[in-house]
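The values are calculated or read from the model by the stated rules, or taken from the named source; none is laboratory data. Just so we're clear, the structure is a prediction, and the values are computed from it rather than from any experiment. Quick reminder, even Gly has a Cβ in these numbers, built from the backbone with ideal geometry, and neighbours come from all protein chains shown.
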Amino acid sequence: MVTVEEAESIVHSQIKDFGTESISFENALGRVLAEDLAADRDLPPYDRVSMDGIAISYRAFESGTKSFQIKATQAAGDTPIDISEPNDCIEIMTGAAMPASTDTIIRYEDLDISNNIATLKIEDVRKGQNAHLKGTDKKQHDIVAKASQVIDPALISMAVSIGKTSLLVKKLPEIVIITTGDELVAPNETPSPYQIRRSNNYSIKTVLQHYCIDADLLHIPDDHAKTKQTLADCFNKYDVIILSGGVSAGKFDYVPQVLNELGVEKLFHQVQQRPGKPFWFGTHEKGNLVFAFPGNPVSTFMCLHRYLLPWLQKSIGLSTQNVYATLTDDVIFKPSLKYFLQVKIQVNKQGQLLATPLEGRGSGDYANLVDSNAFMELPVETTNFNKGEVYRVWPFKNLIY
């Protein structure tokens, strides 16, 4: 049996780079950017008007002019229209290029306009107000988005604005999720009194969809030959094989034996933790990775978030950040195992993360996952965990505010 820290180190020793690919920006949402994006020109590319109103020369206002003759009207996209007389102005719209002979914009709200004369209603005017000057955001060739971040709507907007219609992104691993066991039936089937519907594979699949991975699903009955054939086929097709069930010490738990027969090197089997103690991890001679989780739903869910997702994030170039929360109640856990306590995290008015224990009824109590939103990692060295103590947490939902 290995410790949680040893298991984490072993899993992270198998970080892999799956390469890059170029895709359309329209398909890039949620992918990981694999290149720095640079501005193709100054941003903004011209002195841009940021309010509807009039464009004037500040020197005219400074010399006492309060009423301006409207020389012309300029819309966004029009060629700039210059003024030649100090008391002239250009009626101008948001987004338009400010004429070189002007330097200040007065809002419509601050004007009375009558008979083509715009008269100021205000006394305070600042030179350059309501003007977004060329290159004040970014200069040409400046980096506007760094690699190794998730592509979100704001980044897509930036990419389009600099003409990047194709984006280089990190390739994703091909993944299959395999459930095992005769006690499991499909979701649309009616189970016998002693069967249950398969759910672990769908929970894993939906979590991976957050990373734009559309994993395949397979099911293997409790049969040695079928287990071996299915897994052998998977090693020719997938980078990562995720198994749920069949890794404990039961008579029909064939997975560890079959993996050994197929040339998969066991890197560890059993971790000093609850839930998820029977977790099995190994690597095939072809480089495929095998994450074999215990079949209990909470065990599978915890191992997925504690081990596989951090591995995936590092493999596709994402940085990770540790999150900590404060216990709101006392907890006692006596076994000499690291305990992953289900908690509900909320944020108080002081900005603190507070973790309320929802201990449930063991690793088979998947109903408890609906009410919780994180696992709190409690160290093995003690048995009493007191209200007010701070420990690391592994969120699996958006935090509730």
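Only one of the listed residues (Ala96, Ala55) is on the phi < 0 side of the Ramachandran plot and in contact with a Pro (Cβ under 7 Å, 6 or more places away or on another chain). That residue is Ala55. Checking each residue in segment 103-122 for being surrounded by 14 or more Cβ atoms within 10 Å (Cβ to Cβ) and among the acidic types (Asp, Glu) picks out Asp103, Asp110. Considering every residue within segment 143-154, establish whether at least one is part of a helix (DSSP H, G or I) and either more than 28 Å from Ile56 (Cβ to Cβ) or in contact with a His (Cβ under 7 Å, 6 or more places away or on another chain) (or both). Among the residues of segment 143-154, at least one is part of a helix (DSSP H, G or I) and either more than 28 Å from Ile56 (Cβ to Cβ) or in contact with a His (Cβ under 7 Å, 6 or more places away or on another chain) (or both), which makes the answer yes.
Would you mind stating whether Lys314 is assigned to a helix (DSSP H, G or I) and either of a type in the set (Lys, Arg) or over 27 Å from the mean Cα position of the chain (by Cα) (or both)? When the stated conditions are applied, Lys314 passes them. Kindly indicate whether any position in segment 312-331 is surrounded by 17 or more Cβ atoms within 10 Å (Cβ to Cβ) and in contact with a helix residue (DSSP H, G or I) (Cβ under 6 Å, 6 or more places away or on another chain). No.
Criterion first (touching a residue at least 40 places away in the same chain (Cβ under 8 Å) and polar (S, T, N, Q)) does Gln272 satisfy it? When the stated conditions are applied, Gln272 passes them.
Results for (1) over 25 Å from the mean Cα position of the chain (by Cα); (2) modelled with pLDDT under 95; (3) farther than 30 Å from Lys146 by Cα, shown as yes or no for each residue.
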residue	(1), (2), (3)
Met1	yes, yes, yes
His12	no, no, no
Met51	yes, no, yes
Ile54	yes, no, yes
Phe61	yes, no, yes
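Residues in segment 154-173 include at least one that is closer than 20 Å to Thr300 by Cβ and of a type outside the set (A, V, I, L, M).
Within segment 212-230, if we keep just the residues that are in a loop (DSSP other than H, G, I, E, B) and at pLDDT 95 or above, the residue that is nearest to the chain's Cα centre (by Cα) turns out to be Cys212. Among the residues of segment 325-337, are any among the basic types (Lys, Arg) and either within 21 Å of the chain's Cα centre (by Cα) or at pLDDT 95 or above (or both)? The answer is no; no qualifying residue exists. The sole residue among Lys164, Lys127, Lys134 that is surrounded by fewer than 14 Cβ atoms within 10 Å (Cβ to Cβ), assigned to a loop (DSSP other than H, G, I, E, B) and touching a residue at least 60 places away in the same chain (Cβ under 8 Å) is Lys127.
Residue pairs whose Cβ atoms lie under 8 Å apart, separated by 6 or more positions or on different chains, with the first residue in segment 323-338 and within 9 Å of Pro357 (Cα to Cα) and the second modelled with pLDDT under 95 and in a loop (DSSP other than H, G, I, E, B), are Val331/Glu359. Of Ala186, Ala215, Ala159, all but one fail to be among the aliphatic types (A, V, I, L, M) and surrounded by fewer than 17 Cβ atoms within 10 Å (Cβ to Cβ); the exception is Ala186.
Scan segment 300-334 residue by residue and report those that are of a type in the set (D, E, K, R) and within 18 Å of Phe268 (Cα to Cα). Arg306, the sole residue that qualifies. With the checklist (1) under 20 Å from His12 (Cβ atoms); (2) crowded, with 21+ Cβ neighbours inside 10 Å; (3) over 27 Å from the mean Cα position of the chain (by Cα) in hand, flag the one item Val290 doesn't pass. Going through the list (1) under 20 Å from His12 (Cβ atoms); (2) crowded, with 21+ Cβ neighbours inside 10 Å; (3) over 27 Å from the mean Cα position of the chain (by Cα), Val290 breaks only (3). Evaluate the following for Asp182: is it modelled with pLDDT of 95 or more, under 25 Å from Ser244 (Cβ atoms) and not in a strand (DSSP E or B)? So Asp182 fails the test.
Here the strands (runs of 3 or more DSSP E) wholly within segment 13-102 that include at least 3 residues being surrounded by 15 or more Cβ atoms within 10 Å (Cβ to Cβ) and of a type in the set (A, V, I, L, M) are 53-56.
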